[in-house]
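Everything on this sheet refers to the single structure shown next.
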Amino acid sequence: MQCPIDGTQLVITDRNGVEIDYCPQCRGVWLDRGELDKIIDRSTAYSPPPSGYDDRADHGYRKKKKRGGFLEDLFDF
């Protein structure tokens, strides 16, 4: 399938059981029927783990990356 924006061949990837079509050139993302519903259902069931990280004990030497949500994991390619 071709990208509707720039005509590049779309790449298909499976993320957490959801098939995502994306363009490696413009980074556009396209979903087939029902895939957005799957993403929404899984995002409401997702609960991030408690951080338990005390930033004050670090004295600014390193920063812990904040844990992103379900959608960040899903669209990280």
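None of the figures in this text is laboratory data; all of them are computed from the coordinates on show. Predicted model only: the values in this text are computed from it and were never measured. Note that we place each Cβ from the backbone using ideal geometry, even for glycine, and neighbour counts take in every protein chain shown.
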(message) If you take every residue apart from residue 3 with its C-beta less than 12 Å away from the C-beta of residue 3, what net charge results, scoring Lys and Arg +1 and Asp and Glu -1?
(response) -1
(message) For residue 15, what residues show an amide H to amide H distance below 5 Å, using hydrogens built from the backbone and excluding near sequence neighbours?
(response) 20
(request) Taking amide H positions as placed in the peptide plane 1.01 Å from N, state which residues far from residue 8 in sequence (5 or more) or on other chains have amide H under 5 Å from it. (result) 3
(message) Along the Cα→Cβ direction, 7 angstrom out, place labels at residue 32 and residue 15. What is the inter-label distance in nm?
(response) 1.7
(request) Be a star and scan the stretch 14-47 for residues whose amide nitrogen sits under 19 Å from the point 7 Å along the Cα-to-Cβ vector of residue 6. (result) 21-31
